[in-house]
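One structure below.
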Amino acid sequence: MTNSTKNKSLYIHIPFCEHICPYCDFTKLFYLQKFSKPYLETLFKEIDSYHLNKMETIYIGGGTPTSLSDEEFEMLLKKVSSLLKDGGEFTCEANVENLTPQKLSLMARYGVNRLSVGIESTHDERLSQIGRFHSFKHAQEVIEEARKAGIKNINVDLMYGFPGQTIDEVKDDVRNIIKLNTEHVSIYSLIISPGTLFFNKNIKEQNSDDSRLFYDTILKMMRDAGFERYEISNFSKPGFESKHNLVYWHNQEYCGVGLGASGYVNGERYKNTPSLDVYIKGNFVSETEKVNQKLLHEYFLMTHLRLKEGFSLKEYNNLFNEDFYLKYRDLIHDYVSRGLAKIDDEKFAFTDDGLIIMDSLILPLF
Amino acid sequence: MKFDREHIRNFSIIAHIDHGKSTLADRILELTETISKREMHDQYLDSMDLERERGITIKLNAVTIKYNAKNGETYLFNLIDTPGHVDFTYEVSRSLAACEGCLLVVDATQGVEAQTLANVYLAVDNNLEIVPVINKIDLPSAMPDMVKNEIEKRIGIFCENACEVSAKTGEGVPDVLEAVVKYIPSPNGDDNKPLQALIFDSYYDSYRGVVVLICVKNGSVKEGDKIRLMAANKEYEVTEVGIRTPKEIKVDSLSAGEVGYLAGQIKDIRDVVPGDTITSADKPCEKPLPGYRKMNPMVYCGLYPVDSKKYLDLKDALEKLSLNDASLVYEAETSQALGFGFRCGFLGLLHMDVVQERLEREYGLDLILTAPSVIYHVYLHNGDMIKLDNPSKLPDLTLIKEIQEPFVKAEIMTPKEFVGPVMELCKERRGIYHDLQYFDDTRMIITYELPLAEIVYNFFDKLKSYTKGYASFDYEYSGYYSSNLAKMDILLNGETIDALSTIVYKTNAYERGSVVVRKLKEIIPRQQFEVPVQAAINGKVIARADIKAVRKDVLAKCYGGDISRKRKLLEKQKEGKKRMKAIGSVEVPQEAFMSVLSIDDE
């Protein structure tokens, strides 16, 4: 496969974890050295197969990248850091429990300049209920150590909508998270997917009325604390948006490698196999989807419209050779008059109220 | 294959649903090597997928069988299958009219059921010779002697000729074939008289036109003959005659007593009316054969394409379906809410279900069905009477003198311990008690007069659940009586939706209204804005529930970068929407239209 010139971002999936979280729906495996060694070897082959130029953004996600041994972790960072352009964004995900000072110093040495820590809750009882093995105190400590190690851009993940969670607990979580003073916060509501332990235990997702109430509360508190909600689930201090994630939301191409990873290269979206056996044999991609004009249109809308800024009408009109406003005039008027969408500065975007019900607003545009 | 009349037997099999009629037919086909094992799939005569899936026979089907009897002679059997469900009584009467005898299949573990009785009485009316077949004797709980005793005492059919069989294992089935030879009379008729052939079914074939299934009562018919369809008064030239084994095999001619098909480039299926008589155009008979006990449609509903552009496709599909289903009637209608569609009449709810499924499955249509309604007789002050098959068309109240609704006499057979619950159910459904009698030591027959409208919706399901599945039930139309009725309208977002109007019993209208609005609130998905659902009678709102606005969508929650997966989720939502009807700005799913008949929360 040849490298696409459009491709400026790389996602690397590390599927290993020390513990499997009962809600996690990503491709993941228990960490075993027997597997991790051949995995990394195959992963490097896959990376090489793309003949990548210098990347503007690199993101190592999981799974739990920090579940690798220090040796393996260093091998990985060494390999990957050589692909990063000067001044590029280099993110690595981590769990609190295995984000050791050694891992942090390796990150610093190999140029990781953005750290994403899965904190998920600031209540220890809740953490053990959802199968996380850290305490909030420990989380506070690792954030401090990360600062000491010189990482200036930190994201933390927070979840809400747990079974039996109250609005007070959520407010407390948000207050605690704000105090950590990170540059970026991702806040997700709990999804119960088939195949997860929570699903099998017949735990139900929070109803949409409560979920909306929690979301609105979170949004207000985060904004009051100086964060901007630039994407449905993502908050940042000015200038600290995730450049890597913006590639996704701008519907741009990126290379995804590793078990179960998805990518978008040369006009084709693909998904890698979730089977370690198959992967190690070198059969990386298991599904592909040629993005024709119709799909491009759907992807364009569903990615851009997750963003607060939406998309530029000019970009749309150039890309699809059609005038967005004329094409959807009645619908746009309807949405705007109901306060669900706006056109500002030649850009079409959903408002706060529209963003949170975007499925129903987007479908008529398909 | 040419047989004299003495060697022909025309018979059908009648049975209560699940008593093993189709399995017996399968064994007969197998045993006579009409169908090789290789070609055999279960329940051969039930040729529609739908029939096999539901384990029921809907359309009658006929097959010709050659049988080498123990007396060394070869006989020609014409086996005409009959449906076992109450909705299809008409089809049963059609098949019986073409026969001289029938096998009465009774489950040795269940005994006689209400439906068995109804079909036996039809057979007796047609002067048929009845051979009882006690089936499922392989089951440990089989009680063949008791069942025989019951058939003798309760129906008055002697069981000395009865066969005991297991259609499943094949045990005893050869005796059934011998019994057909011995006890069922050969057809009478005269080859030399003018042609008289009874049409009992037809289907359309794009090469040959309408293929007509006939039973020749007198005379004979061959290729090249000029024939006349007596009721339709149309003449055609016969291009082909044959028998079905069940594959079609051309023969030179069909004569008195024989069952087969003929084709004659008949293009208009409306010319071919089951029950009509075919005679010779050159040498016609004097009188047509007696027709059938024709069943009129009992329930009506509106049938609309979800996508209004598919109206003509629906029209085409209905036309084709009605070719093979004479009991399906339809005429065009329009609804403010649903656009162009058809008002269709059915024999019953199962029939309606079957038609809907066939339209969706065989013709790829997405349909909206409005709640089924009976025909009301609306008497006006000016002396006029309107037959109302669409509740939304009820005239203004000030014009109406009285409304009458159809009643049926229902016989419910149940083990005696469930008499209480059954009577409770009949009372809830406005039933008028008639009679309660012991059928045998353990079972009773309860007779009620019930408004047809009350049994149209889930009466049978309720009956089954109240009696742990043991009750069986049969009904016949008994007449029109005055009732205290009113039209209940449903308003969505303040607008009356004509397709949701129903006729209700005034006394429990409030209760009904609140159940229906709650049900609609449950079924109609949240929209982008709040939608009030109201039930109203004479413009007065009697119940209300609000469908809340959607507050948060699924995708808003999605984490991770797998955008293809998100798009597929959206795609799915979009597919779901295709099966909904946009009424004004509200998206209404198909089930909503049926839910206006909800009687209680469950």
Which one is surrounded by the most Cβ atoms within 10 Å (Cβ to Cβ), of the residues in the stretch A:271-320 that are in a strand (DSSP E or B) and away from every other protein chain (no Cβ under 14 Å)?
-> A:PHE311
Assigned to a strand (DSSP E or B), under 25 Å from A:PHE26 (Cβ atoms) and open to solvent by less than 40 Å² (accessible area, probe 1.4 Å) - does that describe any residue in the stretch A:189-202?
-> yes
From B:LEU318, B:LEU312, B:LEU350, which residue is closer than 20 Å to B:LYS581 by Cα and in a helix (DSSP H, G or I)?
-> B:LEU312
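Within the group B:LYS566, B:LYS548, B:LYS519, which residue is of a type in the set (Lys, Arg), within 14 Å of chain A (Cβ to nearest Cβ) and surrounded by 17 or more Cβ atoms within 10 Å (Cβ to Cβ)? Talk me through it step by step, then tell me what you get.
Details: B:LYS548 fails: surrounded by 17 or more Cβ atoms within 10 Å (Cβ to Cβ); B:LYS519 fails: within 14 Å of chain A (Cβ to nearest Cβ).
Only one candidate qualifies: B:LYS566.
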Please state which of the following conditions B:VAL176 fails to meet, knowing it meets all the rest: (1) open to solvent by 10 Å² or more (accessible area, probe 1.4 Å); (2) out of contact with any Phe, Trp or Tyr (no Cβ under 8 Å at 6 or more places or on another chain).
-> (1)
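Listed here are the residues, each with its yes/no results for (1) under 21 Å from B:LEU321 (Cβ atoms); (2) in contact with a strand residue (DSSP E or B) (Cβ under 7 Å, 6 or more places away or on another chain); (3) at pLDDT below 95; (4) β-branched (Val, Ile, Thr).
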position: B:CYS344; (1), (2), (3), (4): yes, yes, yes, no
position: B:GLY348; (1), (2), (3), (4): yes, yes, yes, no
position: B:VAL355; (1), (2), (3), (4): yes, yes, yes, yes
position: B:LEU365; (1), (2), (3), (4): yes, yes, yes, no
position: B:ILE368; (1), (2), (3), (4): yes, yes, yes, yes
position: B:ILE375; (1), (2), (3), (4): no, yes, yes, yes
position: B:TYR379; (1), (2), (3), (4): no, yes, no, no
position: B:LYS393; (1), (2), (3), (4): no, no, yes, no
position: B:LYS409; (1), (2), (3), (4): no, yes, yes, no
Exactly one of (1) open to solvent by 40 Å² or more (accessible area, probe 1.4 Å); (2) closer than 23 Å to A:VAL185 by Cβ is unmet by A:GLY87. Its number?
-> (2)
Pairs, please: C-beta under 6 Å, at least 6 apart or cross-chain, first residue under 21 Å from A:ILE58 (Cα atoms) and in the stretch A:85-104, second among the aromatic types (Phe, Trp, Tyr) and open to solvent by 10 Å² or more (accessible area, probe 1.4 Å)?
-> A:THR91/A:TYR59
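Going by the structure shown, is B:GLU587 within 14 Å of chain A (Cβ to nearest Cβ), of a type in the set (Asp, Glu), open to solvent by less than 70 Å² (accessible area, probe 1.4 Å) and outside any helix (DSSP H, G or I)?
Working: within 14 Å of chain A (Cβ to nearest Cβ): yes; of a type in the set (Asp, Glu): yes; open to solvent by less than 70 Å² (accessible area, probe 1.4 Å): yes; outside any helix (DSSP H, G or I): yes.
Here the answer is yes, as B:GLU587 does meet what is asked.
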How many residues are open to solvent by less than 40 Å² (accessible area, probe 1.4 Å) and more than 12 Å from every other protein chain (Cβ to nearest Cβ) when one looks only at the stretch A:230-245?
-> 3
Conditions (1) within 17 Å of B:PRO406 (Cβ to Cβ); (2) in a loop (DSSP other than H, G, I, E, B); (3) not aromatic (Phe, Trp, Tyr) -> B:ILE455 fails only (2)
Considering every residue within the stretch B:203-217, establish whether at least one is part of a loop (DSSP other than H, G, I, E, B), modelled with pLDDT of 90 or more and either among the aliphatic types (A, V, I, L, M) or surrounded by 14 or more Cβ atoms within 10 Å (Cβ to Cβ) (or both).
-> no
How do the pairs read when you match residues in the stretch A:256-281 that are more than 21 Å from A:GLN293 (Cβ to Cβ) with residues anywhere that are of a type in the set (Asp, Glu) and modelled with pLDDT of 95 or more, using Cβ under 6 Å and keeping only pairs 6 or more apart or on different chains?
-> A:VAL257/A:GLU46
State whether the residues of the stretch A:154-171 include one that is within 13 Å of chain B (Cβ to nearest Cβ), open to solvent by 20 Å² or more (accessible area, probe 1.4 Å) and within 20 Å of A:PHE240 (Cα to Cα).
-> yes
Answer yes if at least one residue in the stretch A:323-331 is away from chain B (no Cβ under 11 Å), under 24 Å from the mean Cα position of the chain (by Cα) and without any contact (Cβ under 8 Å) to a residue 40 or more places away in the chain, and no otherwise.
-> no
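Out of all the residues in the stretch B:270-284, is one or more open to solvent by 30 Å² or more (accessible area, probe 1.4 Å), not small (Gly, Ala, Ser) and not in a loop (DSSP other than H, G, I, E, B)? Don't jump to the end; show me each part of the working.
Residues of the stretch B:270-284 that are open to solvent by 30 Å² or more (accessible area, probe 1.4 Å), as a first pass: B:270, B:273, B:282-284.
Then drop every residue that is not not small (Gly, Ala, Ser), which leaves B:270, B:273, B:282-284.
So of that shortlist, the ones also not in a loop (DSSP other than H, G, I, E, B) come out as B:270.
Looking for residues that are open to solvent by 30 Å² or more (accessible area, probe 1.4 Å), not small (Gly, Ala, Ser) and not in a loop (DSSP other than H, G, I, E, B), one finds at least one in the stretch B:270-284, hence yes.
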Considering each residue of the stretch A:254-266, count those that are in a loop (DSSP other than H, G, I, E, B) and either under 15 Å from A:TYR50 (Cβ atoms) or hydroxyl-bearing (Ser, Thr, Tyr) (or both), and give that number.
-> 3
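Taking the condition assigned to a strand (DSSP E or B) and without any contact (Cβ under 8 Å) to a residue 12 or more places away in the chain, does B:GLN404 pass? Talk me through it step by step, then tell me what you get.
Values: assigned to a strand (DSSP E or B): yes; without any contact (Cβ under 8 Å) to a residue 12 or more places away in the chain: no.
For B:GLN404, the condition - assigned to a strand (DSSP E or B) and without any contact (Cβ under 8 Å) to a residue 12 or more places away in the chain - is not met.
Residues are listed down the side, and each one gets a yes or a no for (1) open to solvent by less than 70 Å² (accessible area, probe 1.4 Å); (2) closer than 20 Å to B:SER501 by Cβ:
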residue: B:LEU394; (1), (2): yes, yes
residue: B:LYS401; (1), (2): no, no
residue: B:PRO406; (1), (2): yes, yes
residue: B:VAL419; (1), (2): yes, no
residue: B:GLU424; (1), (2): no, no
residue: B:ARG429; (1), (2): yes, no
residue: B:ILE432; (1), (2): no, no
residue: B:TYR438; (1), (2): no, no
residue: B:MET444; (1), (2): yes, no
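What are the residues in the stretch B:458-507 that are part of a loop (DSSP other than H, G, I, E, B) and among the charged types (D, E, K, R), if any? Give the derivation first.
Applying the first criterion (part of a loop (DSSP other than H, G, I, E, B)) to the stretch B:458-507 yields B:458, B:467-471, B:484, B:493-494, B:497, B:501.
Once the filter is applied, which keeps residues that are part of a loop (DSSP other than H, G, I, E, B) and among the charged types (D, E, K, R), the stretch B:458-507 yields only B:LYS468.
Within the stretch B:180-202, work out how many residues are outside any loop (DSSP other than H, G, I, E, B) and surrounded by fewer than 19 Cβ atoms within 10 Å (Cβ to Cβ).
We begin by selecting, within the stretch B:180-202, every residue outside any loop (DSSP other than H, G, I, E, B); these are B:180-183, B:196-202.
Going one step further and asking which of them are surrounded by fewer than 19 Cβ atoms within 10 Å (Cβ to Cβ), we end up with B:181-183.
Within the stretch B:180-202, residues that are outside any loop (DSSP other than H, G, I, E, B) and surrounded by fewer than 19 Cβ atoms within 10 Å (Cβ to Cβ) number 3.
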Just for the stretch A:334-366: of the residues that are within 12 Å of another protein chain (Cβ to nearest Cβ) and assigned to a loop (DSSP other than H, G, I, E, B), which one is surrounded by the fewest Cβ atoms within 10 Å (Cβ to Cβ)?
-> A:GLY339
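The values are calculated or read from the model by the stated rules, or taken from the named source; none is laboratory data. Here the structure is a predicted model, which is why all the values come from computation and not from measurement. So basically every Cβ, Gly included, is an ideal-geometry build from the backbone, and we count neighbours across all protein chains shown. With ligands, DNA and RNA removed, areas are computed over all heavy atoms of the protein, side chains included. Shrake-Rupley method; radii C 1.70, N 1.55, O 1.52, S 1.80 Å.
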